[in-house]
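Here the structure comes first, spelled out in structure tokens, and everything after it is commentary.
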Amino acid sequence: AAVQGGFNVLIVAANDKDALVPALRAAQKRKVTVVTYDSDVAKKGRKVFVNQASSQGIGQALAKSASDLAGGSGDIAILSTTPDATNQNVWIDFMKEELAAKYPNVKVVATAYGLDKPEESTTETQGLIQKYPTIKAIVAPTSVGIVAAAKYVSSSASKGKVFVTGLGLPNDMKTYIKDGSGAQASLWDVENFGYVAVQVANSIVNKKQSVKVGATVKSGKGDKGLKTRTVTKGAVGNEIILGPATVFTKDNVDQFNF
């Protein structure tokens, strides 16, 4: 429908890396530029993928936040989604690598799974705190789990003793970041993410810029720190990374509204 409407650019986030490829290939044959972002398709279905952050970068941000909240040493636990959740498992692996390399005194003693449901995540948080009374922080790389964990801790005797961090939206986490619970959250800036995807598409179509690995692409305005990005080799093919995840704390959370 978009092609029939006369558009010459498609910016797509895919739920399935293969299902859209035939339609995207047909669009490309009609001189439509296809850029994927957030969730990629097979390489042949697009020109370039704009990724929010590298998996390694997310893991590094989680490790640093956990170490900061734990005071540089002590036990922490993980509250994830399901045992076979691909993204979460990759992020957790990179987090553990970063902990071992830079924060060796911080130890992961347990991983629980809240199935990305508030009730289950709350129950698992309670269980972690009861079973492992030495934990100083809970890392939840899931926007559902982090809110459930922070909400439970905020209303329990563990407030100010066990700190919650992970991946979450600033608006969802603001209460627990500012209410004395000491929670943190990390995420990419979603406004900048969409902005960069559009700017990259514009650079390809109107500035005829290359998006081969190693190329430098104009991706926004300099005042936002987004002026250019270098095309790198990703898991599927060429990709452009928005940048490091933003860590939301009591000092900066009010600056964000999403």
Checklist line | Unmet criterion (only one of (1) in contact with a strand residue (DSSP E or B) (Cβ under 9 Å, 6 or more places away or on another chain); (2) within 17 Å of D68 (Cβ to Cβ); (3) buried (at least 17 other Cβ atoms within 10 Å of the Cβ)) for Y152 | finding: (2)
Notebook entry, point to check: From the residues in the range 68-107 that are small (G, A, S) and closer than 17 Å to T165 by Cβ, which one is surrounded by the most Cβ atoms within 10 Å (Cβ to Cβ)?
Noted result: A77
Next item on the list: Could you list, in sequence order, all residues of the range 243-254 that are aliphatic (A, V, I, L, M) and either without any contact (Cβ under 8 Å) to a residue 12 or more places away in the chain or touching a strand residue (DSSP E or B) at 6+ places or on another chain (Cβ under 7 Å) (or both)?
Entry: A245, V247
Check: Taking the condition surrounded by fewer than 16 Cβ atoms within 10 Å (Cβ to Cβ), touching a helix residue (DSSP H, G or I) at 6+ places or on another chain (Cβ under 8 Å), over 29 Å from N15 (Cβ atoms) and charged (D, E, K, R), does K131 pass?
Finding: no
Item checked: Q199, sole failed condition from (1) part of a helix (DSSP H, G or I); (2) touching a residue at least 40 places away in the same chain (Cβ under 8 Å); (3) in contact with a Ser or Thr (Cβ under 7 Å, 6 or more places away or on another chain) -> (2)
Item checked: A157 surrounded by 22 or more Cβ atoms within 10 Å (Cβ to Cβ) and small (G, A, S) -> no
Next item on the list: At least 1 residues that are on the phi > 0 side of the Ramachandran plot in each: list the strands (runs of 3 or more DSSP E) lying fully within the range 1-88 that qualify.
Entry: 74-80
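Just so you know, all these numbers are worked out from the coordinates, no wet-lab data involved. Just so it is clear, the model here is predicted, and its values are computed rather than measured. Cβ coordinates were reconstructed from backbone atoms using ideal geometry, including for glycine residues, and neighbour counts include every protein chain displayed.
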